[in-house]
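The values are calculated or read from the model by the stated rules, or taken from the named source; none is laboratory data. The shown structure was predicted, so the numbers you read here are calculated from the model rather than taken from an experiment. Quick reminder, even Gly has a Cβ in these numbers, built from the backbone with ideal geometry, and neighbours come from all protein chains shown.
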Amino acid sequence: MEVYTHGGRINTEIDVLHYVERIVSLGAGELLITSMDKDGTRSGFDNILIKKLQIL
């Protein structure tokens with residue numbers, strides 16, 4: 001999974017797990033994570049992504 005910007009239009013080619021590790025190492029206390037694949041589908045959160053991020 002990669003980080004996108006500009007409403008999901010621009011792929012930064014940065015791995016989301018590495019990005020979150022970096023942001024946390026800089027002192028972020030909270031992050032708002034959204035999954036463009038699930039956005040607007042009324043199917044709930046991206047639990048697979050959340051579980052991967054919880055171990056960080």
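Side notes on the structure shown:
- Of all residue pairs spaced 6 or more apart or on separate chains, those with beta-carbon atoms under 7 Å, a first member in the range 1-17 that is touching a residue at least 24 places away in the same chain (Cβ under 8 Å) and a second member that is not hydrophobic (A, V, I, L, M, F, W, C) are Tyr4/Asn11; Tyr4/Thr12; Val16/Glu2; Leu17/Lys52.
- Only one of Gly40, Gly7, Gly44, Gly27 that is modelled with pLDDT of 90 or more, more than 11 Å from the chain's Cα centre (by Cα) and at positive phi: Gly27
- Hits in the range 1-44 (condition: among the acidic types (Asp, Glu), closer than 17 Å to Ile55 by Cβ and touching a strand residue (DSSP E or B) at 6+ places or on another chain (Cβ under 9 Å)): Asp15
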